[in-house]
Amino acid sequence: MRKIEPLPRLFFRELTESCQVAQGRKIIIAVSGGPDSMALLHLLADARKRLELDLTAVWVDHCLRPKETPIEEQTVRAAAEKLQINCVRTVDAASCSSEQGISLEHAARDLRYAALRATAREVGAEYIAVAHNADDQAEEILLRLLRGSGREGVSGMRMRSRDLIRPLLNIDKKDLLAWLTEQGIASCFDSSNNDMRFLRNRIRHQLLPFLEEHFEQGIKKSLRKTADSLAVDEDLLAALTADAEQETISELSSPKIQLLRAPFCALHPALQRRVVERLLWKIGGRAVMIISSW
């Protein structure tokens, strides 16, 4: 029988090898009080001893569940105090959603990352650690498929993406829950995770169980394997896109982008699309595109 690797050892390997976190780094930890983020908090605290990490925990109150959030805050504060790390930010996702015309789920996510990045800037942290696990990865891939994402989207979340690190991404949720129970670590249940108004929850509670029962018992692992394969291809395409951008761009000064016609038209349509998307992203998505004749 294959010996199961202890979770803290597996986590440390993912943190240092996959996320490439080196000695003495400053890390912001997104902690909601749920089981995944509480596992992340304690596993990073354990890794801190060996890597001399400077950790700051951030709990974001979306002001959406007033009956639950006091308990969540108390749980996070108690754990953070014990581990000698603490920070709290507050945002209002409901008002942002109505003002910007975006979904509540989308607004909460955007504001959460804004709060995390604000704290990262304040303390000078290089990384923001979030608690996405292997189950989340499978759900995210299906979600993006249903929304018509291309190769980049279906390649899933990355272990490391700019300032974000996801050291739990290759760890199953059941293993995290088992470890929390074994260690006697308290966590909270977020009732919004059972709210079927959100597509992600319908995927988690309805679509994935249906696929596992009627089609493929190992569907989550298969989805993650596909994403890993696509991610390798995506890295190559990203490099080709960066090279193509340098060859075709004539001027980039918001809101104006000027491209050289001949080099741009010579690109494969897939690279043309990627170059345009990359340039629009750089200047915030609002631009006047000009293709020069020379």
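The phi-based Karplus calculation (6.51 cos²θ - 1.76 cosθ + 1.60; θ = phi - 60°) puts the 3J(HN,Hα) values of the stretch 65-77 at 10, x, 7, 9, 4, x, 5, 4, 4, 4, 5, 5, 4 Hz, whole numbers, x for Gly and Pro.
Rounded, prolate or oblate, given the Cα gyration tensor of the stretch 1-58, with a/c below 1.5 counting as rounded? It comes out oblate by the Cα gyration axes. Among K225, K256, K67, which one shows the biggest mean-square fluctuation in a GNM of the chain, springs joining Cα atoms closer than 10 Å? The residue that fluctuates most here is K256.
Compute the signed sum of charges (Lys and Arg +1, Asp and Glu -1) over the other residues within less than 13 Å, Cβ to Cβ, of V276.
Working: positive: R273, R274, R278, K282; negative: E245, E277.
Residues close to V276 contribute a combined charge of +2.
Backbone amide hydrogens, once placed in the peptide plane, bring L164 within less than 5 Å of I128, excluding anything fewer than 5 places away on its chain. When the Cα positions of L51, P70, A30 are compared along the charge dipole of the chain, L51 comes out farthest toward the positive end, with charges on each C-beta of Lys, Arg, Asp and Glu. Take the Kirkwood radius over Cα pairs of the chain, plug it into Stokes-Einstein at 37 °C and 0.692 mPa s, and you get 155 µm²/s for translational diffusion.
Candidates G148, G184, V130 compared by Cα position along the dipole of the stretch 124-196: farthest toward the positive end lies G148, with charges placed on Cβ. Between 0 and 90 degrees, the angle of helix 134-146 with respect to the longest Cα principal axis of the chain falls at about 40 degrees.
Taking amide H positions as modeled 1.01 Å from N, with prolines and chain starts lacking one, the residues under 5 Å from I29 and 5 or more places away or on another chain are T56, A57, V58, A129. Placing +1 on the Cβ of every Lys and Arg and -1 on the Cβ of every Asp and Glu, with nothing else charged, gives the stretch 180-281 a dipole about its Cα centre of roughly 340 debye. Only Cα pairs within less than 10 Å get springs; with that Gaussian network setup on the chain, which residue of A125, A57, A239 has the largest fluctuation? Checking each option, the largest mean-square fluctuation is seen for A239. Charge dipole (Cα centre; +1 on Lys/Arg Cβ, -1 on Asp/Glu Cβ; no other charges) of the chain amounts to roughly 240 debye.
Cut-off 10 angstrom, C-alpha nodes, Gaussian network model of the chain. Which of L280, L143, L199 fluctuates the most? Looking only at L280, L143, L199, the largest GNM fluctuation is found for L280.
Based on DSSP H segments of at least four residues, each scored -39500 (n - 2.57), the chain has a per-residue ellipticity at 222 nm of -16500 deg cm²/dmol.
Taking the longest Cα principal axis of the chain as reference, the axis of helix 35-51 is set at about 90 degrees. Each residue in M38, M157, M196 was given a count of other beta-carbon atoms within 10 angstrom of its own, and listing them fewest first yields M196, M157, M38.
Laboratory data are not the source of any read-out in this text; all were calculated from the coordinates shown. This one's a predicted model, so the numbers in the text were calculated from it and none came from an experiment. Neighbour counts are summed over all protein chains in view; Cβ atoms, including those assigned to glycine, are modelled from backbone coordinates with ideal geometry.
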